[in-house]
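Worksheet: the structure to be examined is printed underneath.
The values are calculated or read from the model by the stated rules, or taken from the named source; none is laboratory data. What you see is a predicted model; the values in this text were computed from it and never measured. Please note: Cβ atoms are built from the backbone with ideal geometry, for glycine as well, and neighbour counts cover all protein chains shown.
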Amino acid sequence: MKLTDIGRTPLIELASLSINGGRCFSKCEFLNPSGSHKDRTYLSIINGLEKIGAIQPGMTLVDSSTGNGGAALAWIGRLKGYKIKIFMPEGMTQERKVQIRSLGAEIIETPKEGFLSGAVLAARRYQAEQLNEQVFFLDQSNNLLNKAAWADCGEEIVEALRHQHVVPDFFVCSIGTGGAFSGIAEVLKCEYREIRTVAIEVNKSAPLYSERNNLTFEHRPHNLMGLGGGVLSTNTVSALVDEVRVVDGNEAWVRMKQFIEHERVPVGPTCGANLLVCEEVALTHQKKNIVTVFFDSSWKYASRWDGFYPEYGGVDDAT
Ligand SMILES: Cc1ncc(COP(=O)(O)O)c(C=O)c1O
């Protein structure tokens, strides 16, 4: 696999969600080389920082991640000649850890109590403690080279839809850092003035939903890794979000499993969240075309296939 294999993923039509006279499409980002959409994110961050001379091969790059970002950074970093350290909250799946380590990166596990924000703080502290300038904290949450990564993906979607003479009415996508959502939404809003964007958060950690509904934000443990990190990141551009909906983690896991069984497309749990909301939209609107994203693959969750993360609460309070 080469860096030029990143991107140009297929946009597939989801037959079971093409209902009520509309059509539903998903961008298969899980087909990127390291198995998730984060390949685009880190290629953009590293290339962008190299271009301005902020980093160069031989340096150590650090970031926080629940696993997909870590794998993408480990793979791209190794190909480009960097040492990689990933700060990761305790309890992430074994598959993700094995993948990151097999790509030569080091994992520093951080206490479960701080979840992803704790990992971010630990990565920042690590960089601050280094006495030389050979360590760089990439900060995927706040580095806008993350969002910039997604312009190409947005253009690919526009091109694929144009080819099929389809005009999308809705863009539906979960947010973690919000990089994928904001970058794609920006391109789609520019191309299709009438499109409505729907951002999804997990109900137990929903800062944007809380802000819009005058609720006090509280982060509670959940089982949709990649979403609900505990803070609203700079890459989530609120002006690009027309509507925010929340999903229940357990329901997303169930929807993912149903989808895999019926459609034989091996997607991960946050894709289940996207499917739930696409379905809500399709059922409540006539003749509307919807676009969503499939972030990663089910193989990354094999060791936690019941959707239960013991580090983050009991079965009933894990969502
Ligand atoms: C499985 C999964 N789904 C969704 C997301 C959200 O992507 P983004 O950070 O671009 O918002 C992530 C981010 O880590 C993820 O790992």
Looking only at the stretch 279-297, count every residue that is within 16 Å of the ligand (Cβ to nearest atom) and crowded, with 24+ Cβ neighbours inside 10 Å and tell me the total. 6
Would it be correct to say that Asn235 is surrounded by 17 or more Cβ atoms within 10 Å (Cβ to Cβ), touching a residue at least 60 places away in the same chain (Cβ under 8 Å) and more than 15 Å from the ligand (Cβ to nearest atom)? no
Can you find, within the stretch 188-206, the residue that is surrounded by the fewest Cβ atoms within 10 Å (Cβ to Cβ) among those that are over 21 Å from Thr270 (Cα atoms) and out of contact with any Leu (no Cβ under 6 Å at 6 or more places or on another chain)? Arg193
Candidates Cys153, Cys173 - the one that is farther than 21 Å from Ala71 by Cα, modelled with pLDDT of 95 or more and not hydroxyl-bearing (Ser, Thr, Tyr): Cys173
Among the residues of the stretch 49-71, write down those that are within 16 Å of the ligand (Cβ to nearest atom) and of a type in the set (Gly, Ala, Ser). Ser64, Ser65, Gly67, Gly69, Gly70, Ala71
Which strands (runs of 3 or more DSSP E) does the stretch 1-64 wholly contain that include 3 or more residues that are within 17 Å of Leu79 (Cα to Cα) and in contact (Cβ under 8 Å) with a residue 12 or more places away in the chain? 60-64
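Considering only residues that are among the aliphatic types (A, V, I, L, M) and in contact with an Asp or Glu (Cβ under 9 Å, 6 or more places away or on another chain), look in the stretch 186-205 and name the one that is farthest from Phe25 (Cα to Cα).
Our first condition is that a residue be among the aliphatic types (A, V, I, L, M); within the stretch 186-205, this holds for 187-188, 195, 198-200, 202.
Still in the running and in contact with an Asp or Glu (Cβ under 9 Å, 6 or more places away or on another chain): 187, 195, 198-199, 202.
On the way: Val187: 17, Ile195: 14, Val198: 15, Ala199: 16, Val202: 22 Å.
Top of the filtered list is Val202.
If I ask for residues that are in contact with a Ser or Thr (Cβ under 9 Å, 6 or more places away or on another chain) and under 21 Å from Leu276 (Cα atoms), which ones from the stretch 199-211 would you list? It would help to see each step written out before you state the result.
To start, the set of residues in the stretch 199-211 that are in contact with a Ser or Thr (Cβ under 9 Å, 6 or more places away or on another chain) comprises 199-204, 207-208, 210-211.
Scanning the stretch 199-211 gives Ala199, Ile200, Glu201, Val202, Asn203, Lys204, Pro207, Leu208, Ser210.
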Please go through the stretch 285-314 and pick out each residue that is out of contact with any Cys (no Cβ under 8 Å at 6 or more places or on another chain) and of a type in the set (Asp, Glu). Asp306, Glu311
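Sort out which residues of the stretch 72-109 are in a strand (DSSP E or B), of a type outside the set (Phe, Trp, Tyr) and within 16 Å of the ligand (Cβ to nearest atom), and write them in order of number.
Taking the stretch 72-109 as the starting set, the residues that turn out to be in a strand (DSSP E or B) are 83-89, 106-109.
After this cut, where a residue has to be of a type outside the set (Phe, Trp, Tyr) as well, the list is 83-86, 88-89, 106-109.
Result: Ile86, Met88, Pro89, Ile107.
Just to verify a result, which residue in the stretch 212-262, among those that are part of a helix (DSSP H, G or I) and of a type in the set (D, E, K, R), is farthest from Ala15 (Cα to Cα)?
Looking at residues that are part of a helix (DSSP H, G or I) and of a type in the set (D, E, K, R), I get Arg212.
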